[in-house]
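Worksheet: the structure to be examined is printed underneath.
The values are calculated or read from the model by the stated rules, or taken from the named source; none is laboratory data. Remember, it's a predicted structure, so these values are computed and weren't measured experimentally. Here the Cβ positions follow ideal geometry from the backbone for every residue, glycine too, while neighbour counts run over all protein chains shown. The protein model used for the area step is the full one, side chains on, heavy atoms only, and it has no ligands, DNA or RNA in it. Shrake-Rupley method; radii C 1.70, N 1.55, O 1.52, S 1.80 Å.
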Amino acid sequence: MALSLEESRRELQERQGLGARYDALQAPHADLALARLGAAYFARKLNELSDADLALPSRVAGWSRRHVVAHVAYQARGLARLVEAARQGRGAERLEEPEAQIEEVDFGASLPAHALRYLFHHAQIHLNVEWRDLQDAGWRASIESLQGRLVPIRETPWIRARAIWQAAVQLDNGASSHHFPQALSQRLGAEAGVDALSS
């Protein structure tokens, strides 16, 4: 007899035990899947590059591949802070010691290659942990960013998905929009159409 989605989820949780983390029922599961798949794709393209390759130009004018890696790492850190604020019931993003350091792309791009790779991987893991620890109420929150913009937490997975897939292409290491999942391509196309109509 086939199990329902909820029964399958419950059975999986019982098998994995209390220590496993799961996304809340009200989380935007499709967007989270796109963001996580994009991070895996970006990581694969990054791992294909030697340390020397990181210094070569990216597809972003004036940026090396190092700059692209630093940019997506710092974006993950910022999104994680927003989600953390929602999880803790705060209304605004906060940057505290020891993380209160300058998150400038040029600074990140100057890190040794192993530190730059670690920065990306650690920031991505932290963001995933914050998403998984967020309960339903947190997904309904909006948090003020350090820049003073109100960010609906429910939009953070899409913000990340859009950025990380495009950054993989910007690495200029064989990634292409032809590799994008259909759901991602359709949504990006729809957003581009809206932007064209409003301009």
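Considering only residues of segment 1-42 that are small (Gly, Ala, Ser) and within 19 Å of the chain's Cα centre (by Cα), which is modelled with the lowest pLDDT?
Initially, segment 1-42 is screened for residues small (Gly, Ala, Ser), giving 2, 4, 8, 17, 19-20, 24, 27, 30, 33, 35, 38-40.
Those still in the list that are within 19 Å of the chain's Cα centre (by Cα) too: 24, 27, 30, 33, 35, 38-40.
Working: Ala24: 91, Ala27: 95, Ala30: 95, Ala33: 95, Ala35: 97, Gly38: 97, Ala39: 97, Ala40: 97.
Of everything passing the filter in segment 1-42, Ala24 is modelled with the lowest pLDDT.
When segment 166-189 is examined, which residues are found to be open to solvent by 10 Å² or more (accessible area, probe 1.4 Å) and of a type in the set (A, V, I, L, M, F, W, C)? Full working, then the answer.
Going through segment 166-189, the residues open to solvent by 10 Å² or more (accessible area, probe 1.4 Å) turn out to be 166, 169-170, 172-174, 176-183, 185-189.
Result: Val169, Phe180, Ala183, Leu188.
Residues that are part of a loop (DSSP other than H, G, I, E, B) and in contact (Cβ under 8 Å) with a residue 40 or more places away in the chain: does segment 64-85 have at least one? Let's see the steps before the verdict.
So in segment 64-85, the residues part of a loop (DSSP other than H, G, I, E, B) come out as none.
Looking through segment 64-85, none of the residues is part of a loop (DSSP other than H, G, I, E, B) and in contact (Cβ under 8 Å) with a residue 40 or more places away in the chain.
In segment 38-93, what count of residues is obtained for those that are out of contact with any helix residue (DSSP H, G or I) (no Cβ under 7 Å at 6 or more places or on another chain) and either polar (S, T, N, Q) or crowded, with 17+ Cβ neighbours inside 10 Å (or both)?
Selection size over segment 38-93: 7.
Scan segment 132-174 for residues that are of a type in the set (A, V, I, L, M, F, W, C), in a helix (DSSP H, G or I) and under 19 Å from Ala92 (Cβ atoms) and jot them down. So that I can check it myself, show each step before the final result.
Quick first cut of segment 132-174, residues of a type in the set (A, V, I, L, M, F, W, C) only: 134, 137, 139, 141, 143, 146, 150-151, 153, 158-159, 161, 163-165, 167-169, 171.
Add one more test, that the residue is in a helix (DSSP H, G or I), and what stays is 137, 139, 153, 158-159, 161, 163-165, 167-169.
Hits for segment 132-174 are Ala137, Trp139, Ile153, Ile159.
Which members of segment 143-154 meet the condition of being touching a residue at least 12 places away in the same chain (Cβ under 8 Å) and open to solvent by 40 Å² or more (accessible area, probe 1.4 Å)? Working first, answer last.
Start the filter on segment 143-154 by keeping residues that are touching a residue at least 12 places away in the same chain (Cβ under 8 Å), which leaves 143-146, 151, 153-154.
Correct list: Glu144, Leu146, Arg154.
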